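Visitor: Quick one: structure below, then a few questions.
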Amino acid sequence: MDDRKSESDANEKDLFCDSNEDRSKNSEPLSKNQQKKLDRYLAVSGHKKEKRKEERQRRREKFKEKRQNGEEKPKDITKQEQLDRLVASKENGIKVCIDLQYHKIMTPKEIQRLSNQLKRVYGSNKASLKPFNLTFSSLKRDGQIYETCIEKISGFAHFQVNMIEESVEEEFDVEKLVYLSPDADKYLEDLEPDAIYVIGGIVDDTVQSKMSLQFIEAVQAECRKLPIPLYMERKDGGGGTFKQILTVNQVFDILLKFQETKSWPEALKAGVPARTGFVCKESS
């Protein structure tokens, strides 16, 4: 799935990093406009760090309380149960594949963001009571995506994921592929046990449209898009991007939630970010 969500925070951070490097070389003071942007960035980033710290503390306290009340299992038992479910999913889970063939058109920074999304995908699958049979295809061991994941993600090489160097059309029966793309004409209605659902591993800051669709048409695979317009609408008063293009992990989480609930409104509500401005229709 093409990742064209707003990267303003990351771009602003890069801008200030570059500005700091330039100033250290040229010793040039900031303009008033640059100083305002820097102050705003520092304020926002500091607030986000504080919120993350508070959220971690709340989770620790909640976990401690549940342990004391006998409601929470020891971590080693929880980890083993998660591992057992992941292993079992390779035999009976619905197949979902992240197609990583697009590394050549991505910058190193985009690949870093993709690696973070793959980490989140695995985390969601591991935490699920009914995980997918997950595959990372076109993952070359000497390629930049694999090397970045190994560097950035602790234990990546030992993930309970089918990591294959073969392309999606080489590994699977093309007639069973259902490739998810925001450029598809038809909506995804359900998850079939015999199908293989493919999410394009793309982080695209340049907003090149229909990249995955070109591949899909070339291999003549079935193509579907998430039914966002069928179950969601723009919230009153605007205040959103209204983009239906989501990150890899957001699409994965929506599929996972739909498998658990069999409800598109619930799945979309859980996975479509609030910043898009979409809300579930009342009739849904």
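The values are calculated or read from the model by the stated rules, or taken from the named source; none is laboratory data. None of these values were measured; they are calculated from a predicted model. A quick note on method: Cβ atoms are made from the backbone with ideal geometry, for glycine too, and the neighbour counts reach across all protein chains shown. When the accessible area is computed, the model is the full protein with side chains, heavy atoms only, and any ligands, DNA or RNA have been set aside. Shrake-Rupley method; radii C 1.70, N 1.55, O 1.52, S 1.80 Å.
Visitor: Residues Val161, Val168: which one is under 24 Å from Asp84 (Cα atoms) and surrounded by 15 or more Cβ atoms within 10 Å (Cβ to Cβ)?
Guide: After applying the criteria, what remains is Val161.
Visitor: Being in a loop (DSSP other than H, G, I, E, B) and open to solvent by 20 Å² or more (accessible area, probe 1.4 Å) is the filter here; which residues of segment 133-158 pass it?
Guide: Of everything in segment 133-158, those that are in a loop (DSSP other than H, G, I, E, B) and open to solvent by 20 Å² or more (accessible area, probe 1.4 Å) turn out to be Lys140, Arg141, Asp142, Ser154, Gly155.
Visitor: Filter segment 183-199 down to the residues that are farther than 25 Å from Leu83 by Cβ and out of contact with any Ser or Thr (no Cβ under 9 Å at 6 or more places or on another chain) and list them by number.
Guide: Correct list: Ala184, Asp185, Lys186, Tyr187, Leu188, Glu189, Asp190, Glu192, Asp194, Ala195.
Visitor: Only helices (runs of 4 or more DSSP H) wholly contained in segment 28-132 count here; list those with 2 or more residues that are modelled with pLDDT of 80 or more, within 27 Å of the chain's Cα centre (by Cα) and closer than 24 Å to Leu180 by Cβ.
Guide: Filter on segment 28-132 gives 75-92, 108-127.
Every residue, every condition in (1) in contact with a strand residue (DSSP E or B) (Cβ under 8 Å, 6 or more places away or on another chain); (2) on the phi > 0 side of the Ramachandran plot, yes or no:
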position: Met163; (1), (2): yes, no
position: Lys176; (1), (2): yes, no
position: Pro182; (1), (2): yes, no
position: Leu188; (1), (2): yes, no
position: Asp194; (1), (2): no, no
position: Val198; (1), (2): yes, no
position: Lys210; (1), (2): no, yes
position: Ala218; (1), (2): no, no
position: Glu222; (1), (2): yes, no
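Visitor: Here's another thing I want to ask about it. Show the residue pairs meeting these rules: Cβ distance below 7 Å; 6+ apart or different chains; first residue within segment 153-178 and free of Cβ contacts under 8 Å to residues at least 12 places away in the same chain; second residue open to solvent by 40 Å² or more (accessible area, probe 1.4 Å) and in a loop (DSSP other than H, G, I, E, B).
Guide: Close Cβ pairs (under 7 Å, with a partner that is open to solvent by 40 Å² or more (accessible area, probe 1.4 Å) and in a loop (DSSP other than H, G, I, E, B)) do not exist here.
Visitor: Scan segment 245-284 for residues that are hydrophobic (A, V, I, L, M, F, W, C) and not in a helix (DSSP H, G or I) and jot them down.
Guide: Scanning segment 245-284 gives Ile245, Leu246, Val272, Phe278, Val279, Cys280.
Visitor: Here are the criteria: (1) farther than 26 Å from Glu91 by Cα; (2) surrounded by fewer than 16 Cβ atoms within 10 Å (Cβ to Cβ); (3) among the acidic types (Asp, Glu). Tell me which single one Asp190 does not satisfy.
Guide: Result: Asp190 fails condition (1) only.
Visitor: Right, next: Just wondering, is there one or more residues in segment 239-251 that are without any contact (Cβ under 8 Å) to a residue 40 or more places away in the chain, open to solvent by 20 Å² or more (accessible area, probe 1.4 Å) and charged (D, E, K, R)?
Guide: no
Visitor: Output the qualifying pairs, or none if there are none: Cβ atoms under 6 angstrom, residues six or more apart or on different chains, first residue in segment 258-284 and in contact (Cβ under 8 Å) with a residue 12 or more places away in the chain and more than 18 Å from Leu188 (Cα to Cα), second residue basic (Lys, Arg) and not in a loop (DSSP other than H, G, I, E, B).
Guide: Short answer, once both residue conditions are applied: Gly277/Arg234.
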